[in-house]
Amino acid sequence: MSSYLIGFHAIRARMKSAPQSIEQIWLKEQRKDKRTQELLGEINAKKIQLSRLDNAAFALRLTQCSLDEDSSHQGIIAAVAPLAQITTLDQLIENFPERVLLLVLDGVTDPHNLGACLRVADAAGVMAVIAPKDHSAPLSAITRKVASGAAEHLPYLQVVNLVRALEQLKKSGFWIIGTDEKGDDSLYASEFSARTALVLGAEGTGMRQLTRETCDQLIHIPMAGSVESLNVSVAAGVCLFEAVRQNNAVSFT
């Protein structure tokens, strides 16, 4: 079953990593700038099917792809086939290296926040992002665009039972660290183990109670100003790169 990518970053990233998965591209015929001409050269070189559409036809294509006109599509849509990658927690566990960092999102429903989390997780060398199937944003075209290519490389696993998944990770040697503004330990006084799963909840509500109780440790990010909390993707970046800093030049992947 095909899915859709929108925006130049996401589509160019897929063209670079898996051009054979791109089934067709639709482009607004009004786009004639240098950026578009460069992309057209790549499309032609890779022999990807391309259709140039006027405004009315492009708007109809957006509707047919269940995309909104205000989705920041930048005048380009691509239909893509699913990539062969890790799709289950069992597959992920089978492929764990000696050192691994995971990001777990509990209740992040905004597609923009999810995309930003995927982008920062990819930059920090996270092996996969895990979230519950219910009350979580799907991997939509908007999410892929915000992720700027990260969604094309980083597995996003949605599990039926998040607590059960965390318990399974514990059996595989993971230390589960949850972020909570009332957490006993400061981020900068905490140690990230060789196998760490960092858990963040939705902005405002935080993690659900059962998720919080499953964590081995609860940490907080010290806040010096009047702001009480950070956007979930910003908090993820702060915590993930502290893990990277602690491990210095040692890569998680």
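The values are calculated or read from the model by the stated rules, or taken from the named source; none is laboratory data. Computed from a predicted structure; not experimentally measured. Every residue, glycine as well, gets a Cβ built from its backbone with ideal geometry; the counts of neighbours run over all protein chains shown. Remember, those area values only see protein heavy atoms, side chains included, never the ligands or the DNA or RNA. Shrake-Rupley method; radii C 1.70, N 1.55, O 1.52, S 1.80 Å.
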Estimated vicinal HN-Hα couplings, Hz - the stretch 87-96 in sequence order (Karplus 6.51, -1.76, 1.60; Gly, Pro = x): 10, 10, 5, 4, 4, 5, 4, 5, 10, 5
Unit charges on C-beta of K, R, D, E only; dipole of the chain, Debye: 1040 debye
At 0.692 mPa s and 37 °C, Stokes diffusion of the stretch 77-131 via Kirkwood alpha-carbon radius, µm² per second: 255 µm²/s
For the stretch 23-113, alpha-carbon Rg over 2.2 N^0.38 Å: 1.50
The stretch 54-185: Rg to Rh, with Rh as the Kirkwood radius over Cα pairs: 1.03
Heavy-atom accessible area ranking, 1.4 Å probe, most first, across SER136, SER193: SER193, SER136
Listed peptides 204-211, 232-239 by packing density, highest first (mean Cβ within 10 Å): 232-239, 204-211
Scattering curve values for the chain, log₁₀ I(q)/I(0), Debye with Cα scatterers, q = 0.10 Å⁻¹: -0.53
Semi-axis lengths (Å, descending) of the ellipsoid that matches the C-alpha gyration tensor of the stretch 116-212: 22, 16, 15
Where TYR156, TYR4 fall by accessible area, highest first, once all protein chains stay in place (1.4 Å): TYR4, TYR156
Options LEU139, LEU40, ALA202, ranked by Cα towards positive dipole end of the chain, top entry (Cβ charges): LEU40
Sulfur and carbon atoms: percent of accessible area, the stretch 45-201 [1.4 Å]: 46 percent
Cα centroid of the stretch 11-39 to Cα centroid of the stretch 45-79, whole Å: 11 Å
Computed lengthening from VAL227 to ARG35, 0.36 nm per intervening residue step minus Cα-Cα distance: 65.2 nm
Built amide H within the under 5 Å cut-off of VAL159, gap 5+: ALA131, LYS133
Calculated FRET efficiency for the pair GLN217/ALA57, C-beta based, R₀ 51 Å, to 0.05: 0.40
Spin-label pair GLU191/LEU50, simplified geometry with 7 Å Cα→Cβ offset, distance in nm: 5.6 nm
Amide proton proximity set for PHE174, modelled H, under 5 Å, gap of 5+: none
Whole-number accessible area per residue in Å² for the chain, which is evaluated in the context of all protein chains at 1.4 Å: 49 Å²
Amide proton proximity set for ASP106, modelled H, under 5 Å, gap of 5+: LEU200, GLY201, ALA202
Cleavage-rule hits (GluC sites (Glu not before Pro)) in the stretch 105-198: DSSP loop, at most 14 neighbouring Cβ within 10 angstrom: GLU181, GLU191
Neighbour-limited loop hits for GluC sites (Glu not before Pro), the stretch 1-102 (at most 16 other Cβ within 10 Å; DSSP other than H, G, I, E, B): GLU29, GLU69, GLU98
Sites matching trypsin sites (Lys or Arg not before Pro) across the stretch 1-97 that sit in DSSP coil, with at most 14 neighbouring C-beta atoms within 10 Å: LYS32, LYS46, LYS47
